[in-house]
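Quick one: the structure is below, and I'll ask about it shortly.
Every number here is computed from the coordinates shown, using simple stated rules; none is lab data. Being a predicted model, the structure only gives us computed values, none of them experimental. Please note: Cβ atoms are built from the backbone with ideal geometry, for glycine as well, and neighbour counts cover all protein chains shown.
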Amino acid sequence: MKTEIKTYNPFNGNQLETYKLDSKDDLKDKLDLANKTFGEWKNLKISKRVKLLQNLANEIDTNKAELSELITREMGKPILESKAEIEKCTLLIDFYIVNADQFLQDDIIETEAHESFISYDPLGCILAVMPWNYPFWQVFRFAIPTLTAGNVALLKHASNVTGCAIAIEKLFIDAGFPKGCFQTLITDHNGIEEIMEDEIVKAVSLTGSEKAGRKIAEIAGKNLKPSLLELGGNNACIILKDADLDKYMDTIFKARMQNSGQSCIAAKRFIVVEEIYDEFIKKFKSKVEGLKYGNPIEEDTTISCLAREDLADILEEQVKKSIDLGAEVLYGNQRNGSNYQPTILTNVSSEMPVFKEETFGPLAAIIKVSSENEAYETASNSKFGLGTMVFTSDYESATKLISEIEDGAFFINEMVKSDPRLPFGGTKISGFGRELSKEGMLAFVNKKTIYINK
C-alpha cells in the first residue's frame, strides 16, 4: 500500500521531496475542521473576506520568486512563464477584491410580494481536484471566488506538484484566513471517492482529463452532489486567406507553444486555407526554429521538458500512429526522456490521433483546406468543445458565425485564454460549468428565493 509521494525535477530527474500521505484519520480530521470552520466563515462579512484577499495578494507578491522557482522545479515550466503564472494569480485576486460585493449582493425581483429577492448563500465544503500544468493558477481560479462566496475548500492536487499544493495552503494561512478555510489533502486518487461521499463535502470542481471527469461526474452523480468539470481540449486555430500573419504570428505561435504545449486551451489543430498555407508554414516553422531549449530555471530558456516522462510517451505514440496513417514530419520529432522536441506535422487528416485526440506537448498538427467553409467544418469536427480561434482581416464576417461555434469560447484574432473578467469553460466532452467572472463566484452557492409578505 502506498504511504508516500515523491516529487522529481522533470528536467534532470533529481528527486525533490518525499511527502507522507494523509492517513484516514488525517483526512477525517481535515474534513471535520473544514466543517467547523465553515460555520464561522460563512457568517463573516464580505468586506472582511475581501480584506483577507488583499493580504493574500501581498503574500504572493512578497514570495513571487520562491513560488515561481517551485513551479519550475516541480513541473518544468520555463521560469519566466512561472513568474507570469504567479502574477496572473494576483490579477485574479484584484478582480474579486473589486467585484465580490457586487457579485454576491441580493438580486431584488419585483413580484406581488412585499419583498422578494434572490440570496446567494455558500454551500459549504467544496472539494477541488486540480492538475499540474498550471499548479497555482488552476487552484486560485477555483479557490478565490469559491472562498470569497463563503465556502471552504479542500484541495487534492496532482501528486507531482505536491510542494505547490502545500505552499498554496501556507499562503492562505499566512494571509490570515482561518485555519480550515483552505486545506491541502495529501492523498492519491483512490481516496477521492470516499472523500466525495462524505456528507461534509457538498460539491466538487475538477480540472483534468476526460477520463478523470467521467469518474468524478459518476461519483458526484451517485451522491447527488453538484460538480464543475473543466476537461480536455482540442482547440482549432483557423487561418483564413486574409489573415495578417505579420501582425498575429507571435500570438498564433504562443497559442501552441506556451507551457511547452501543455495546456488544455492550446491551439492543437491549425486549419489553414490553401491560399495562405505556404506563407503560414514558412513563418510558423521559423518561429519553432527560434525556440531555445534549456534548463527551465534559466531566464533565456523559452521551451523545456514536459512535466513527466510518461507524458512524452503518450505524445510519442500519438505522433507515431499519425505518421503511420500518412502524416509527414516537417520539423522535429526527436525525443529524449521527458524532452520532446517541438514538432510540426503536415498532411494531417481527421482519422489521425493528432487530429482527434488532445495532444499535450509542443506539437502542431497542420491541416490544409480549400475554403473558408471547409475550415469551419473541419474545426467543428471534434468531440471536444473548449475553444476555437480564427485569424482573419474580416472580423465582422467571423462574428456572424458566433452561434455556429459550439465551443465554450470563440476568439477572433486572439488566442483562447482565461481572463478573470470572462467566464471560462467548455461544452461536449470538454466539460460543463463555468469558472471566473461572476459565474465563477456563483458556481457553488445556493441561489435561494426569498418571498416576504407583510
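Search the structure for amide H atoms under 5 Å from the amide H of Tyr331, placed 1.01 Å from N in the peptide plane, and list their residues when 5 or more places away or on another chain.
Under 5 Å from the amide H of Tyr331 lie the amide H atoms of Ile344, each far enough along the sequence or on another chain.
What FRET efficiency would be calculated for the residue pair Glu40, Ser209, taking the C-beta separation as r and a Förster radius of 41 Å, to the nearest 0.05? Don't skip to the end; give the middle numbers.
On the way: r = 36 Å, r/R0 = 0.88.
Taking R0 as 41 Å, the efficiency between Glu40 and Ser209 is 0.70.
Another one. Please give the length that would be gained between Asp300 and Lys222 if that part of the chain were fully extended, namely 0.36 nm times their separation in residues minus their C-alpha to C-alpha distance (nm, one decimal). Walk me through the numbers before you get to the answer.
Working: separation 78, 0.36 × 78 = 28.08 nm, distance 4.95 nm.
Extra length from Asp300 to Lys222 when fully extended: 23.1 nm.
I need the calculated FRET efficiency for the pair Ser397 and Thr62, taking r as the beta carbon distance and R₀ as 56 Å, to the nearest 0.05. Intermediate results must be reported in sequence, preceding the final value.
On the way: r = 48 Å, r/R0 = 0.86.
After rounding, the FRET efficiency stands at 0.70.
Highest mean first, how do 343-349, 421-427, 401-407, 447-453 rank when packing is the count of other Cβ atoms within 10 Å averaged over residues? Spell out each step's value before the answer.
On the way: 343-349: 20.4, 421-427: 18.7, 401-407: 14.0, 447-453: 10.7.
Descending packing order for the listed peptides: 343-349, 421-427, 401-407, 447-453.
List the residues, sorted by chain then number, that are 5 or more residues from Gly385 or on another chain and whose placed amide H is less than 5 Å from its amide H.
Correct list: Asn234, Thr427, Ile429, Ser430.
Find the relative contact order for the range 235-419 and round it to a whole percent, using C-alpha pairs within less than 8 Å whose residues are 6+ positions apart.
Values: 351 pairs, mean separation 56.3, N = 185.
For the range 235-419, the relative contact order is 30 percent.
Just grab the label-to-label distance for Asp32 and Asp188, each label 7 Å out from Cα along the Cβ direction, in nm (one decimal).
2.6
Using a Debye calculation, one point per C-alpha and no hydration shell, please list log10 I(q)/I(0) for the range 235-419 at q = 0.19 Å⁻¹ in order.
Taken in order of the listed q values, log10 I(q)/I(0) reads -1.34.
Still on this model: If you keep only loop residues by DSSP, which trypsin sites (Lys or Arg not before Pro) in the range 379-418 have at most 10 other Cβ atoms within 10 Å of their Cβ? Kindly include the intermediate steps, with their values, before the conclusion.
Numbers: sites: Lys383, Lys400, Lys417; in loops: Lys383, Lys400, Lys417.
Those satisfying the criteria are Lys400.
Separate question: Give me the one-decimal nm value for the distance between modelled label points at Lys2 and Asp101, 7 Å along each residue's Cα-to-Cβ direction.
Rounded to a tenth, the inter-label distance reads 4.6 nm.
Okay, next question. Compute log10 of I(q)/I(0) for the chain with the Debye formula, placing one identical point scatterer on every Cα and leaving out solvent, at q = 0.10, 0.13 Å⁻¹, to two decimals.
Cα-only, vacuum Debye calculation for the chain: -0.74, -1.20.
What are the ³J(HN,Hα) couplings of the range 50-60, residue after residue, when phi is run through the Karplus curve with 6.51, -1.76, 1.60 and θ = phi - 60°? Round to Hz, x for glycine and proline.
So the J values, rounded to whole Hz, are 5, 4, 5, 4, 5, 4, 5, 4, 5, 4, 5.
Quick one: if you stick a label point 7 Å off each Cα along the C-beta vector at Val329 and Asp174, how many nm between them?
Reported label-point gap for Val329 and Asp174 is 4.5 nm.
Now for a separate question. Within the range 82-119, whose backbone N sits under 18 Å from a point 7 Å along Cα→Cβ of Glu69?
Counting only backbone N, you get 82-87.
Still on this structure: Give the long-range amide H neighbours of Ala153: residues separated by 5 or more places, or on another chain, with amide H under 5 Å away, using H modelled in the peptide plane at 1.01 Å from N.
Here Ile126, Phe182, Gln183 satisfy the definition.
Exactly which trypsin sites (Lys or Arg not before Pro) in the range 58-122 are in a DSSP loop and have at most 10 other Cβ atoms within 10 Å? Present the calculation step by step, with values, prior to reporting the outcome.
Details: sites: Lys64, Arg73, Lys83, Lys88; in loops: none.
Filter output for the range 58-122: empty list.
Measuring from a point 7 Å past the Cα of Glu439 along Cα-to-C-beta, which residues in the range 134-157 have an amide N at less than 18 Å?
Correct set: 138, 141-146.
Using each residue's phi in the range 5-20, evaluate 6.51 cos²θ - 1.76 cosθ + 1.60 at θ = phi - 60° and report the 3J(HN,Hα) Karplus result to the nearest Hz, with x for Gly and Pro.
10, 10, 10, 9, 6, x, 6, 10, x, 5, 6, 9, 8, 10, 10, 6
Moving to a separate point now. Is the range 250-294 rounded, prolate or oblate when judged by the Cα gyration tensor, a ≥ b ≥ c being the square roots of its eigenvalues, rounded requiring a/c under 1.5 and prolate requiring a/b larger than b/c? Don't skip to the end; give the middle numbers.
Working: a/c = 3.11, a/b = 1.36, b/c = 2.29.
Taking the square roots of the gyration eigenvalues as a ≥ b ≥ c, the range 250-294 is oblate.
In sequence order, what are the phi-derived ³J(HN,Hα) couplings for the range 81-87 according to the Karplus relation 6.51 cos²θ - 1.76 cosθ + 1.60 with θ = phi - 60°, rounded to whole Hz, with x for glycine and proline?
Result, rounded to whole Hz: 6, 5, 4, 5, 5, 4, 5.
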